[in-house]
Amino acid sequence: MAATDIAITLATFIRFEAPGGDVLLADGGVVKFGGDTFDSWHAVFGAIQKIDVIRSTIGDMAERGKLVLAPNPEASVSSWYNFGIRNARVRVWMGELEADGVTCTDAKRLADWQVDEITRVQMMGQDLLQIDMIGRGEKLFLTNEGNVCSDRFHQSLFPGERGFENCTDEQGYFAWGAESPQRANPVRGGSTPTPTRGRGRVAGI
């Protein structure tokens, strides 16, 4: 884009190497870069809701980042919330768009991440996929394949025993009941507030 142009438009876009194929997403529009087209919407993973900048830490903690996606409500939950995307590569670029508002010829890579953990979050009745990531280079320093409580070590002692396969060290998502609106809890004569029914709680307990 020339210096005489009226406005400078910057775009952020990502390549998420999901198991079912690369997901190319741009934040708020369409971007063409490096022979690829990055769209604002994906049939399964939906749109970008938030991208956190790299969080630099001190000491032996690795750099981390966070990507939040708003999946397509019509897609099955199992298609986007599955642990198969762990360790997938995620790259983030930012670049200046040409006068056509679509083409990006020169972009700076902001991050080269690896998926560390995923979490299903609900906000205002909408499902969100929160992806916590770690730098691919830093991930190497965290690899531990020694004699630890892992599926690989367990099967070395008990071949064919697959009880550790579901031990993903991930936080699970369990929907329990329906969330009720908040109600006032009056206090009378030194009595304690009356418990209310809500998600994960039972009245009277």
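The values are calculated or read from the model by the stated rules, or taken from the named source; none is laboratory data. Source: prediction; values computed, not measured. Note that we place each Cβ from the backbone using ideal geometry, even for glycine, and neighbour counts take in every protein chain shown.
Values for this structure:
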quantity: Exclusive hit being loosely packed, with under 13 Cβ neighbours inside 10 Å and modelled with pLDDT under 90, set R64, R55, R86; calculated: R55
quantity: Of all residues in the range 107-126 being charged (D, E, K, R) and at pLDDT 90 or above, the one that is surrounded by the most Cβ atoms within 10 Å (Cβ to Cβ); calculated: R120
quantity: Condition check for D112: part of a strand (DSSP E or B), in contact with a strand residue (DSSP E or B) (Cβ under 8 Å, 6 or more places away or on another chain) and over 17 Å from F13 (Cα atoms); calculated: no
